[in-house]
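Engineer: My questions all concern the structure below.
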Amino acid sequence: MPEPSGTRPFSQYEWMLSLRYLRARRKEGFISVIAGFSFLGIMLGVATLIIVMAVMNGFRAELLDKILGLNGHLLVQPLEKPLTDWDEVAARISKAQGVRLAAPIVEGQALASSPFNAGGVLVRGIRLKDMEGLPSIVNNIKQGSLGGFDEGQGVAIGRRLADQLSLRAGDNITLVAPRGAVTPMGTTPRIKVYKIAAVFEIGMSEYDSAMVFMPLKEAQAYFNRAGDVTAIEVYTDNPDRVDVYRKAVQEAAQRPIFIIDWRQRNATFFNALQVERNVMFLILTLIVLVAALNIVSGLIMLVKDKGQDIAILRTMGATQGAIMRVFLITGAAIGVVGTIVGFLLGVVVCLNIESIRRFLSWLTNTELFSPELYFLSHLPARMDTGETVAVVLMALILSLLATLYPSWRAARLDPVEALRYE
């Protein structure tokens, strides 16, 4: 016998009826199939959202770490006159608020060649003490060492470049710069052979295949920049606060300079990532929405099928609220369980994403995550607690909203009409 209307919500018999309706009989098999698809849709939608958001977060974080680990957060360039006072300016900037390192550099393009191959490279002249302040390089030396880098004419090259040229630490590499000595016949290319002191692997193919580090003094001589530098790379304590540090760097320079931060230098790249991330979130949210609509259709069919049962319950004293709660529990159970299972599936996949990628690559005998295309050597995944909670809450809210209309229809069912022709 149903409890009277004054009892607490979600009573025992309401739970019993709801769970009973979830276990459809043979003649209600189609309704059970719809409920199953709703469950799978919400589970896969939540899991896919969590996985894709984690991978895109990891992708952005890894790229940001690689890019800012090699390039400065602020790039200081000269105005009005060359940076002939680079040593003093760098010393003053390094003492500014939030500045971790100020590294004078000389940059230029060249052709790197060996007896086996050749390719274009970006040559960067830098002091050894400044290079030692870049963990992305000094912690990833695969061959040779940087000992005596400033004294000799040795260079450090990326692992992919070394493989491309079939060279190792200790071998010689030939660098050809388009702007060399000026003669009566014009400017001749500068060709010079250097010993490879070290081979590094940052993990970003764009840098590992095209970067050559050279002692600063040697780079100044090689690119005809005696006495000045191209720019000063400034590394701060927090890349996201470059706007705060910009003014301090401007004041510390004590000369006309032009400052570009890392967001301006990589604006197109990171904006494209953000747009792609937002679009993927919107598209995958539609999966959860479609699954929630399946709950609506499944519950409406269940209400129509259980019209006689509802009428009998109403005549026995069940209130409209009790009937509504029965179908709320039935629909919400699908959404809640689907969301929880989807969350667990998403977490498991995120924690093992690289192992799964390797297995799928082995199974299909294809390269699923090409380093040349995606710049990174492995598939990253970084779950954000706030985003994950937002995905779970969104799925729960959509699931609960999907149960309101069918439950309201069940509660509004007229017992007299339902039993008239029985």
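Engineer: Which FRET efficiency, nearest 0.05, do ILE260 and VAL33 yield, Cβ-Cβ r, R0 60 Å?
Structural biologist: Details: r = 59 Å, r/R0 = 0.99.
It comes to 0.50.
Engineer: So, taking all protein chains as they sit and a 1.4 Å probe, how much accessible area belongs to MET394, in Å² rounded to tens?
Structural biologist: Per-residue accessible area (MET394): approximately 40 Å².
Engineer: Shifting gears a bit: Give me the number: length gained by fully extending ASN271 to ILE283, i.e. 0.36 nm times residue separation minus the C-alpha to C-alpha distance, one decimal in nm.
Structural biologist: Details: separation 12, 0.36 × 12 = 4.32 nm, distance 1.84 nm.
Net length gain for the segment: 2.5 nm.
Engineer: Given a Förster distance of 45 angstrom, what is the FRET efficiency for TRP408 paired with ASP237, based on the Cβ-Cβ distance and rounded to 0.05? Before the final figure, lay out each step's value.
Structural biologist: Details: r = 56 Å, r/R0 = 1.25.
In this case the efficiency is close to 0.20.
Engineer: Out of segment 64-141, which trypsin sites (Lys or Arg not before Pro) are coil in DSSP terms and have no more than 13 other C-beta atoms within 10 Å? Write down the numbers at each step before the final one.
Structural biologist: On the way: sites: LYS66, ARG92, LYS95, ARG100, ARG124, ARG127, LYS129; in loops: LYS95, ARG127.
Hits after loop and neighbour filter: LYS95.
Engineer: Another one. Determine, for each peptide in 243-255, 273-285, 397-409, the mean count of other beta carbons within 10 angstrom over its residues, then list the peptides with the highest first. Write down the numbers at each step before the final one.
Structural biologist: Numbers: 243-255: 16.6, 273-285: 13.7, 397-409: 18.6.
With the highest mean Cβ count within 10 Å placed first, the list reads 397-409, 243-255, 273-285.
Engineer: May I pose another question? If I model a spin label at GLU88 and LEU393 as a point 7 Å from the Cα along the Cα→Cβ vector, what separation in nanometres do I get?
Structural biologist: With each label placed 7 Å out from Cα toward Cβ, I get 5.6 nm.
Engineer: I would also like to ask the following. Could you compute the FRET efficiency for LEU40 and SER166, with r as their C-beta to C-beta distance and R0 at 51 Å, rounded to 0.05? Intermediate values should be presented prior to the final figure.
Structural biologist: Details: r = 52 Å, r/R0 = 1.02.
Working from the Cβ atoms, E equals 0.50.
Engineer: At 1.4 Å probe size, with every protein chain present, just tell me what the per residue accessible area of segment 82-170 comes to in Å². Walk me through the intermediate numbers first.
Structural biologist: Details: 4050 Å² over 89 residues.
That works out to 45 Å² per residue.
Engineer: Fully extended, how many nm does the chain gain between LYS195 and ILE340 (0.36 nm per residue separation, minus their Cα-Cα distance)? Write out the running numbers ahead of the final one.
Structural biologist: Values: separation 145, 0.36 × 145 = 52.20 nm, distance 5.84 nm.
Here the segment from LYS195 to ILE340 would lengthen by 46.4 nm.
Engineer: What lysines does LYS247 reach when the alpha-carbon gap must be under 18 Å and sequence neighbours fewer than 8 apart in one chain are set aside?
Structural biologist: Qualifying lysines at Cα under 18 Å: LYS95.
Engineer: When the Cα centres of segment 79-119 and segment 133-176 are compared, how far apart do they sit, in Å?
Structural biologist: What the calculation gives is 18 Å, centre to centre.
Engineer: Using 7 Å Cα-to-Cβ label points, what is the LEU293/ASP228 separation (nm, one decimal)?
Structural biologist: Reported label-point gap for LEU293 and ASP228 is 6.4 nm.
Engineer: Could you please report the charge total around ARG127, scoring K, R as +1 and D, E as -1 over all other residues with beta-carbon less than 13 angstrom from its beta-carbon?
Structural biologist: Here the charged neighbours net out to -4.
Engineer: A further question follows. Taking LYS304 as the anchor, which aspartates and glutamates have their alpha carbon closer than 13 Å to its alpha carbon, excluding any fewer than eight residues away along the same chain?
Structural biologist: Result set, ordered by chain and number: GLU28, ASP414, GLU417.
The values are calculated or read from the model by the stated rules, or taken from the named source; none is laboratory data. All figures in this text were calculated on a predicted structure; none of them were measured in a lab. With ideal geometry, Cβ positions are generated from the backbone for all residues, glycine too; neighbour counts draw on all protein chains shown. With ligands, DNA and RNA removed, areas are computed over all heavy atoms of the protein, side chains included. Shrake-Rupley method; radii C 1.70, N 1.55, O 1.52, S 1.80 Å.
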